[in-house]
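Some notes on the structure that comes next.
Since every read-out is calculated from the coordinates, none of them should be taken as a lab result. Remember, it's a predicted structure, so these values are computed and weren't measured experimentally. Please note: Cβ atoms are built from the backbone with ideal geometry, for glycine as well, and neighbour counts cover all protein chains shown.
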Amino acid sequence: MAKKHLGQNFLYDPSILNRIIQVAQLHGEDLVVEIGPGTGRLTKMLAEKVKKVVAIELDDKLFAKLKIELADYQNVELIHGDALNYSYENLPQFKVVSNIPYYITTPIIFRLLKARKNIESMTLTIQKEVAERITAKPGGKDYGVLSLMVQYYAKPKLEFIIPKGAFRPVPKVDSAVVHIKILERTSVSVKDEELFFRVIKTAFSQRRKMLSNSLKKIQEDVKEKLVELGIDPNRRPETLSIQEFARLSDMLKRD
Ligand code: SAM
């Protein structure tokens with residue numbers, strides 16, 4: 001019986017699992033981390049492609065079954081625990097390939113971005129609407145904090161959609177596979193990263209407000225700063241590119 005609270009929706013279709021592996025662009029020398037191996041189907045296919053797989057499963061019962069199921073796979077290291085608490089920083093360079101437990105999609109992505117120095121890419125199966133937010137460009141309703149955080153450190157691409165009927169049990173929403181390539185250098189350079197993220201979060205905390213109003217919290221005279229930068233203070237946050245957010249936060253840092 002699948003545990004709903006642990007986000008257990010399993011993928012069985014080998015053609016979909018193969019497409020995921022293709023998207024991940026794996027090589028014989030790769031180390032792959034899989035979060036939530038579940039029944040171990042994807043894990044086995046990964047183990048046949050790469051040098052080593054580290055698979056982290058939280059569920060006691062699944063973990064016990066996986067130990068038996070994967071006993072012959074010498075290059076799979078099974079970890080029993082919470083993927084949010086794993087020390088990714090202690091691993092050499094790796095790729096992530098995972099059908100993420102959906103109840104922790106965003107925390108997992110932020111946890112992995114924190115460990116980005118050791119990560120080459122992440123191929124993640126996630127809710128379609130989260131994939132759309134991650135890859136969104138300025139101007140639409142999907143564009144926001146998550147898009148900017150990911151696109152600051154990485155280049156995300158929505159690769160393909162997996163209809164909900166492909167999972168067992170069938171979840172409420174469709175999924176998508178995203179490939180997130182970690183950049184060697186951040187997509188824009190800023191003087192103060194913390195301020196950059198604070199400006200973004202503050203701007204989007206009141207999405208429908210004009211920048212000159214929402215960003216007053218950070219600096220009273222933000223309206224003049226926006227004008228000085230050639231950014232119309234009446235614009236709303238979802239219209240600003242990452243470059244414009246970078247210029248704005250650098251301008252606010254100046255004073
Ligand atoms: N990889 C399998 C597949 O594609 O069929 C299972 C994917 S299922 C969406 C998510 C898996 O993550 C489940 O096996 C679940 O038990 C496991 N899981 C849930 N929370 C976890 C956590 N915090 N850390 C590690 N694994 C977790």
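When the C-alpha atoms of the range 124-254 are aligned to their principal axes, what extent does each axis show, in angstrom, from largest down?
Answer, in whole Å and largest first: 54, 33, 20 Å.
Karplus couplings for the range 91-108 from phi (6.51 cos²θ - 1.76 cosθ + 1.60, θ = phi - 60°), rounded to Hz, Gly and Pro as x?
Karplus-based 3J(HN,Hα) across the range 91-108 equals 8, x, 3, 9, 10, 9, 10, 7, 9, 5, x, 5, 5, 10, 3, 5, x, 5 Hz.
For the range 176-185, just list the computed ³J(HN,Hα) in residue order, Karplus coefficients 6.51, -1.76 and 1.60, θ = phi - 60°, integers in Hz, with x standing in for Gly and Pro.
After applying 6.51 cos²θ - 1.76 cosθ + 1.60, I find 8, 9, 10, 10, 10, 8, 6, 7, 5, 10 Hz.
Pick out which of VAL190, VAL145, VAL178 has the largest mean-square fluctuation in a Gaussian network model of the chain, springs linking Cα atoms closer than 10 Å.
It is VAL190.
Normalised by the residues of the range 4-182, what does the relative contact order come to in percent, with Cα pairs under 8 Å and at least six apart?
Reported as a whole number, the value is 23 percent.
Can you grab the distance from the C-alpha centre of the range 6-40 to the C-alpha centre of the range 45-118, Å, no decimals?
10
Go ahead and set up a Gaussian network model of the chain, Cα springs under 10 Å, then flag whichever of ALA71, ALA115, ALA166 fluctuates most.
Maximum among the listed residues: ALA71.
Using the per-residue mean of other Cβ atoms lying within 10 Å as a proxy for protection, in what order, highest first, do the peptides 79-88, 97-106 fall?
Descending packing order for the listed peptides: 97-106, 79-88.
So what is the 222 nm mean residue ellipticity for the chain from helices alone, if each DSSP H run of at least 4 adds -39500 (n - 2.57) and you divide by all residues, rounding to the nearest 500 deg cm²/dmol?
After summing the helix terms and dividing by the residues of the chain, the value is -10500 deg cm²/dmol.
Starting at 0 and stepping by 5 Å, how many percent of the alpha carbon pairs of the chain end up in each bin?
Bin by bin from 0 Å, the calculated values are 1, 6, 13, 16, 16, 14, 10, 8, 7, 5, 3, 1, 0, 0.
Given the range 167-220 reduced to its alpha-carbon atoms as identical point scatterers, what log10 I(q)/I(0) does the Debye formula return at q = 0.15, 0.18, 0.24, 0.30 Å⁻¹?
Cα-only, vacuum Debye calculation for the range 167-220: -0.71, -0.79, -0.93, -1.14.
With a 10 Å radius around each residue's Cβ, average the other Cβ atoms per peptide and rank 62-68, 153-159, highest first.
Going from most to least packed, we get 153-159, 62-68.
Please work out how much length the chain gains when fully extended from LYS141 to VAL170, using 0.36 nm per residue of separation minus the C-alpha to C-alpha distance, in nm with one decimal.
Length difference between fully extended and current span is 7.8 nm.
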